[in-house]
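The values are calculated or read from the model by the stated rules, or taken from the named source; none is laboratory data. Model, not experiment: these values are computed from the prediction. Positions of Cβ are backbone-derived with ideal geometry, glycine not excepted, and every protein chain shown enters the neighbour counts.
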Amino acid sequence: MENKKYSKEMLLGMYEMMLRIRKFELRLTEYFTKGMLYGNIHTSIGQEAVAVGVCAALEKTDYMTSTHRGHGHSLAKGARSDIMMAELFGRETGYCRGKGGSMHVTDVSLGILGSNGIVGAGIPIATGSGLTSKIKGTKEVTVAFFGDSASNQGTFHESINMAAAWKLPVVYLCENNNYGVSVNIHTVTNTETIAERAVAYNIPGVTVDGNNPLEVYEAVKKAVDRAREGKGPSIVECMTWRMRGHYEGDPATYRDKKITEEWAKKDPIENFKKYLIEEGYDEKELQAIEEAMEDEIEAAIQFALDSPFPDPSEVTTDVYACDNERSVAR
Amino acid sequence: MENKKYSKEMLLGMYEMMLRIRKFELRLTEYFTKGMLYGNIHTSIGQEAVAVGVCAALEKTDYMTSTHRGHGHSLAKGARSDIMMAELFGRETGYCRGKGGSMHVTDVSLGILGSNGIVGAGIPIATGSGLTSKIKGTKEVTVAFFGDSASNQGTFHESINMAAAWKLPVVYLCENNNYGVSVNIHTVTNTETIAERAVAYNIPGVTVDGNNPLEVYEAVKKAVDRAREGKGPSIVECMTWRMRGHYEGDPATYRDKKITEEWAKKDPIENFKKYLIEEGYDEKELQAIEEAMEDEIEAAIQFALDSPFPDPSEVTTDVYACDNERSVAR
Amino acid sequence: MKKISISAAIREGMREEMLRDENVIMVGEDLGRMGSPFAITLGFLDEFGPNRVIETPISESGFTGMAVGAAMRGMRPVVELMYVDFVSVAMDPVMNQAAKMRYMTGGQVKVPLVVRAPMGSGRRNAGQHSQCLETLFTHIPGLKVVCPSTAKDAKGLIKAAIRDDDPVIFLEHKLLYARKEEVPEEEYIIPLGQADVKREGKDITIITWSRQVYFALEAAEELAKEGIDAEVLDLRTLVPLDWEAIRKSVCKTHNVVVVHEGVKRSGYGGELSAQITEELFDELDSPVTRVAALNVVPPFAPTLEDAFFPHPEDIVKAVKKVLNR
Amino acid sequence: MKKISISAAIREGMREEMLRDENVIMVGEDLGRMGSPFAITLGFLDEFGPNRVIETPISESGFTGMAVGAAMRGMRPVVELMYVDFVSVAMDPVMNQAAKMRYMTGGQVKVPLVVRAPMGSGRRNAGQHSQCLETLFTHIPGLKVVCPSTAKDAKGLIKAAIRDDDPVIFLEHKLLYARKEEVPEEEYIIPLGQADVKREGKDITIITWSRQVYFALEAAEELAKEGIDAEVLDLRTLVPLDWEAIRKSVCKTHNVVVVHEGVKRSGYGGELSAQITEELFDELDSPVTRVAALNVVPPFAPTLEDAFFPHPEDIVKAVKKVLNR
Ligand SMILES: Cc1ncc(C[n+]2csc(CCOP(=O)(O)OP(=O)(O)O)c2C)c(N)n1
Ligand SMILES: Cc1ncc(C[n+]2csc(CCOP(=O)(O)OP(=O)(O)O)c2C)c(N)n1
Ligand SMILES: [Mg+2]
Ligand SMILES: [Mg+2]
């Protein structure tokens, strides 16, 4: 019954993680509608296979930078759903003690060097992490997540150029969901894919099915190995689709219904479940995983809701690491 | 005696223009050494064939943006040596009435949309000029001059991406002199050429001998025609060498003597003169051109030195086009 | 008079200018089918076509610089930065190109560019989506800076900004967009550089702009109950500054509180305080006092964000302190 | 004590820190064989190798952001922007990343980054190469801002900046680099946030920093001839601000002139003026007065540039006006 290539642990782990992300974000949409969630909420519903496939190819000690659409990345890299949920609800028990919210989830101890509210800003930060590993002679690889449209930011070009010239251990991971908010990438870019831009830096670039976690895993694994061996960076582009609006509240009417329906058939979780069943996994076992995730996220919600908001006096802490009080005072 | 392909007027015009630039800049080096020229002076000595070849392929009504190393571009596009010299000497008779200096020579009526002190900043400006032509449905082409190292700025990427997506009539003209100040481009970039980056935008990219004005002309002509026909932008890369330091005062010790000596043999003006003589042009005629240029530049120097500095009261004019006085006052 | 929202007022003003002058174009992200996230350009693509509504990639530096080039060629681009915080990735075209081009070319060139951007705190958008950055722009000679507070002002000022031959930074408060207010039916312009007394008073002058105008008015009502008659001066334009209006008001009330939503340190409030102190020292019965955001990063949690930027009660408190009440 | 130039002092300070802590790295353009245009990193490549001296492409946004990432991983990068004016192309990593990262992560992360940049007018470098931009940085919470004026201060402060766990903007005046001054032989640090009285006086306090310290001292000598005894307070660090030093001096002299080379509008001088007025109103015999550059773009021609930014005679004039002399 065991797949030749992938262990049960890995496959079910992927399934579990995709469900964790999905259920986490579905609850977000619910609480957003209730008016109980603040700020902008960008879900990655439909894109879970990317985060999960990528992080499956990483070691615990590896690093990544994320984006505004980062819940999945952080969960897949090991973030706890309850602490993250608390952060999204602005509670003092959250990853950033309520100061960051959805776009700033960070846990350096897990290698999560921050989500980011500025499109393209995580790419140089990841590059700096790669530089650090190179300087230190350590073996961590860093993944820079970014969207298709972020590839039109100058930081994409500047960062990859440096990483290529210096053979930094970085994987530039493009989640291509075809849109930057309402703008179809093909109306503002002249190439078929983002990965083909790799030629401009003389590095490898591949485009894979981003709704298949195993295909993502394979491509990223190759890029990670290459990076770890000191051979430099790669671009890996994962074709995917966000099944909801850009952020909650966006009806996404700018997208063609037909294409949306086509992609609905490619739901990464449903398809992976089918695949697992085909591979001989027990549906009940899968059901149990789903229920466990349901429970975990319910608990996460409860944890968040039970947690207090930060005390207003916290507004002036954490601005500076040294001499904070004086530096904030005037 | 007339070359089959190029008219006498064109060939001698190119020769004259290269000499105009050379003599203009040689006098700059002289006055800089005397301490009579202010600010940073970046000469293009050795690179004249690029400016001349490019502008030969342009109509009067075409536009261009230049760089910190822009004297040659502006002269080749039609700027007067005396008014430009006056500007470089900070005189009120200069193109910018002494307010801009070497890095800001501009004459919109000649299509010179400004030199620029910020590396890479002219590239989007040229793109905006191209956008304007497209919107208006007029036929001007705009050339964006930039150096090899400027191609590592984000603006390079962002601009060419837009121009490619929208088929803007812009030629991205890279003067590759192999160095950004002291940094060899190959230590900070992973591709052999800059032109091959064109693949990332799915547009043509060519690399030519930038010390041969005719080769530059041919390549640019093709790109200009293409742009004028509405087929979009191109990258043209001209391989060349600055025969002096990055700016006056820079001994350029970071460059290998041997390579410098090799390039000395490729002096674009000497070689073009040889070519003209081979083509049957009269040495005396060429001599006369050289003397005329010598005289022109001498007159330019005199014009500059005879011109007054702007009155200190001019310091507060020209900041705003409307309501200047009030907007400057407080 | 009709009642429309501030976002509709800005849209109307821009539309009128687009109809009037074919050189007016819109440049920015998501301006097309989506009509921009705050619906400011809704319908423009259909009405004016893709040649006048340039929907860009996420390349702020590139497209703002592109707009500078277009402006130098005679266009009148209106650039939208989706949030003013993103000027961080478009700073060069704004501060070193648009602002300086005219001067550096000795007055040869005009750059009739408008950069519009939503700004402001209160929407729980956290550190990189909640700043008020008007002060940065006021520190860059060559830029004009406009911060309207009402629908009428927003419409009149955006039209003036578009017609102005200089680069104008036009800052719209996100939490004001939905406010509905009366706007004249007929065409009108509000010239840049004219402040507006939003409430007359004789005891103290509250100088402010953008959303804080409403907080100041609320505070004034509160103060009125305690017999303090506050004048609320809405600057509307920070550069050029309507000094005459300030002088007049200060000479009447002899007490000044400056209120802004951006952080206090090196905020424009300091500039105003300094000017008033330097030039009207003898008119002052009390030191000019500032009410502004704390010198911290915009926080996410509502408890923190509410403590971060000024609210009406902070203004009331400051006024009372100034007046020793 | 030895006499060395300010550029040598900064070089020495950085070299000592590189020797002390292997996490200190240099990042920027032309830092290698050229040793940077102002020779600040001369010899570093040979001594520390390319792993510690990262000579970058012209990609300010990219390499400054890269330095932020490295800092988050425990390195202590010292980034050089070749001229502070170029922060326009590195504004996002400075203002939205480095400055805010600690706060947005709830204190999880430190960003021990130094961004060094030459600044200042007087070298006829025109509009895009002559600005003083310290005020912009002071308006961004999360950044510290240092502007040394002497070799001794520069060395002690660059060492403190490198050891500091926060992002520090370290601004060096181009026209001070060559000044030779005495510097202690032994190791020392000058903590951030300590002002220094560069000249004691009892009649008026001149608050300033960077090159204007020398202009203020010249002015003070001139004023002394006319019987006016000016105190010159060199802030050295703008954030954190040494308020105690200001308070002390103001309470002694009761008159204040603030002098800076950057443009006046929304300059840090306004901030200081406002604070002093708000908190020390009753100590003041005269309104705090500012001497600063005109609200224009840095011009090229010497006649214009000299009229653009303050010179000693401007300070003398301002002081006399304040003191009614
Ligand atoms: C510099 C900057 N510009 C614009 C935005 C607003 N914005 C947030 S997400 C987004 C679209 C990003 O598209 P893409 O990179 O494809 O990622 P996706 O949202 O599709 O995951 C935009 C325009 C921003 N946050 N930062
Ligand atoms: C944004 C910016 N960064 C750095 C500089 C300083 N600088 C001026 S010219 C130059 C080198 C440019 O190299 P390249 O583009 O190859 O042009 P070249 O000088 O060789 O003609 C540098 C680093 C600048 N002016 N602007
Ligand atoms: Mg996308
Ligand atoms: Mg070069």
Practice problem: State the number of residues belonging to segment D:244-274 that are more than 20 Å from D:Gln128 (Cα to Cα) and within 11 Å of chain C (Cβ to nearest Cβ). | Solution: 10
Quiz prompt | Of residues in segment C:275-316 being in contact with a Cys (Cβ under 8 Å, 6 or more places away or on another chain) and more than 14 Å from chain A (Cβ to nearest Cβ), the one surrounded by the fewest Cβ atoms within 10 Å (Cβ to Cβ) | solution = C:Glu283
Practice problem: Mind telling me which of the residues D:Asp85, D:Asp92 ends up being within 18 Å of A:Val319 (Cα to Cα) and surrounded by 24 or more Cβ atoms within 10 Å (Cβ to Cβ)? | Solution: D:Asp92
Quiz item: Only one of (1) more than 30 Å from C:Ala126 (Cα to Cα); (2) at pLDDT 95 or above fails for D:Pro141. Which number is that?
Solution: (1)
Self-check item: The listed residue being more than 29 Å from A:Glu261 (Cα to Cα) and within 14 Å of chain C (Cβ to nearest Cβ), out of A:Tyr31, A:Tyr38, A:Tyr6
Solution: A:Tyr38
Quiz item: Considering only segment A:192-207, how many residues are over 25 Å from B:His186 (Cβ atoms), within 16 Å of ligand 3 (Cβ to nearest atom) and touching a helix residue (DSSP H, G or I) at 6+ places or on another chain (Cβ under 9 Å)?
Solution: 3
Quiz item: Out of all the residues in segment A:19-37, is one or more in contact (Cβ under 8 Å) with a residue 24 or more places away in the chain and among the polar types (S, T, N, Q)?
Solution: yes
Quiz prompt | Number of positions in segment C:93-121 that are assigned to a loop (DSSP other than H, G, I, E, B), among the hydrophobic types (A, V, I, L, M, F, W, C), more than 16 Å from the chain's Cα centre (by Cα) and more than 7 Å from chain B (Cβ to nearest Cβ) | solution = 1
Quiz item: If you go through segment B:70-79 one residue at a time, do you hit one that is free of Cβ contacts under 8 Å to residues at least 60 places away in the same chain, at positive phi and either more than 16 Å from ligand 2 (Cβ to nearest atom) or assigned to a helix (DSSP H, G or I) (or both)?
Solution: yes
Exercise. Evaluate segment D:15-26: report whether one residue or more is within 13 Å of another protein chain (Cβ to nearest Cβ), over 21 Å from the mean Cα position of the chain (by Cα), free of Cβ contacts under 8 Å to residues at least 24 places away in the same chain and more than 18 Å from D:Ile169 (Cβ to Cβ).
Key: no
Quiz item: B:Ile123 is checked against (1) touching a strand residue (DSSP E or B) at 6+ places or on another chain (Cβ under 9 Å); (2) more than 8 Å from chain C (Cβ to nearest Cβ) and fails just one. What number does that condition carry?
Solution: (2)
Exercise. Please give the strands (runs of 3 or more DSSP E) falling wholly within segment D:167-218 in which 3 or more residues are charged (D, E, K, R).
Key: D:180-183, D:196-199
Quiz item: Within segment B:66-83, can you find the residues that are among the hydroxyl-bearing types (Ser, Thr, Tyr) and within 16 Å of ligand 4 (Cβ to nearest atom)?
Solution: B:Ser66, B:Thr67
Quiz item: When the residues of segment B:158-175 are filtered to those that are outside any strand (DSSP E or B) and within 16 Å of ligand 2 (Cβ to nearest atom), which remaining residue is farthest from the other protein chains (Cβ to nearest Cβ)?
Solution: B:Ile160
Quiz item: Can you spot a residue in segment B:196-217 that is outside any helix (DSSP H, G or I), within 14 Å of ligand 2 (Cβ to nearest atom) and either touching a strand residue (DSSP E or B) at 6+ places or on another chain (Cβ under 9 Å) or modelled with pLDDT of 95 or more (or both)?
Solution: yes
Quiz item: Would you pick out the residues in segment D:32-66 that are in a helix (DSSP H, G or I), within 10 Å of chain A (Cβ to nearest Cβ) and either out of contact with any Gly (no Cβ under 6 Å at 6 or more places or on another chain) or within 14 Å of ligand 2 (Cβ to nearest atom) (or both)?
Solution: D:Glu60, D:Ser61, D:Gly62, D:Phe63, D:Thr64, D:Gly65
Self-check item: Matching residues in segment A:176-215 - criterion: being of a type outside the set (A, V, I, L, M, F, W, C), more than 16 Å from ligand 1 (Cβ to nearest atom), surrounded by 22 or more Cβ atoms within 10 Å (Cβ to Cβ) and at the interface with another protein chain (Cβ under 8 Å from one of its Cβ atoms)
Solution: A:Tyr201
Quiz prompt | Identity of the residue in segment B:134-157, part of a helix (DSSP H, G or I) and surrounded by 24 or more Cβ atoms within 10 Å (Cβ to Cβ), that ends up farthest from the other protein chains (Cβ to nearest Cβ) | solution = B:Ser151
Quiz item: Residues D:Met82, D:Met119, D:Met104: which one is at pLDDT 95 or above and under 20 Å from A:Gly154 (Cβ atoms)?
Solution: D:Met82
Quiz item: Just for segment A:262-310: of the residues that are touching a helix residue (DSSP H, G or I) at 6+ places or on another chain (Cβ under 7 Å) and among the charged types (D, E, K, R), which one is farthest from the other protein chains (Cβ to nearest Cβ)?
Solution: A:Glu283
Practice problem: Check off (1) under 30 Å from D:Ala98 (Cα atoms); (2) touching an Asp or Glu at 6+ places or on another chain (Cβ under 7 Å) for C:Val296 and give me the number that stays unchecked. | Solution: (2)
Quiz item: So, of the residues in segment A:239-259 that are surrounded by 14 or more Cβ atoms within 10 Å (Cβ to Cβ) and of a type in the set (Ser, Thr, Tyr), which turns out to be farthest from the other protein chains (Cβ to nearest Cβ)?
Solution: A:Thr240
Exercise. Name the residue, out of B:Asp82, B:Asp107, that is out of contact with any helix residue (DSSP H, G or I) (no Cβ under 6 Å at 6 or more places or on another chain), surrounded by fewer than 24 Cβ atoms within 10 Å (Cβ to Cβ) and acidic (Asp, Glu).
Key: B:Asp107
Quiz item: From the set of residues in segment A:318-330 that are out of contact with any Ser or Thr (no Cβ under 6 Å at 6 or more places or on another chain) and facing another protein chain (nearest Cβ under 7 Å), which is farthest from D:Lys110 (Cα to Cα)?
Solution: A:Arg330
Self-check item: Count of segment C:149-166 residues which are acidic (Asp, Glu) and part of a helix (DSSP H, G or I)
Solution: 1
Quiz item: Within segment B:91-98, is even one residue more than 10 Å from chain C (Cβ to nearest Cβ), more than 14 Å from ligand 2 (Cβ to nearest atom) and under 19 Å from B:Pro169 (Cα atoms)?
Solution: no
Practice problem: Select from segment C:69-92 the residues that are among the aliphatic types (A, V, I, L, M) and within 13 Å of chain B (Cβ to nearest Cβ) and list them in ascending order. | Solution: C:Ala70, C:Ala71, C:Met72, C:Met75, C:Val79, C:Val89, C:Ala90, C:Met91
Self-check item: Of all residues making up segment A:52-69, the number that are crowded, with 24+ Cβ neighbours inside 10 Å and either in a helix (DSSP H, G or I) or among the basic types (Lys, Arg) (or both)
Solution: 5
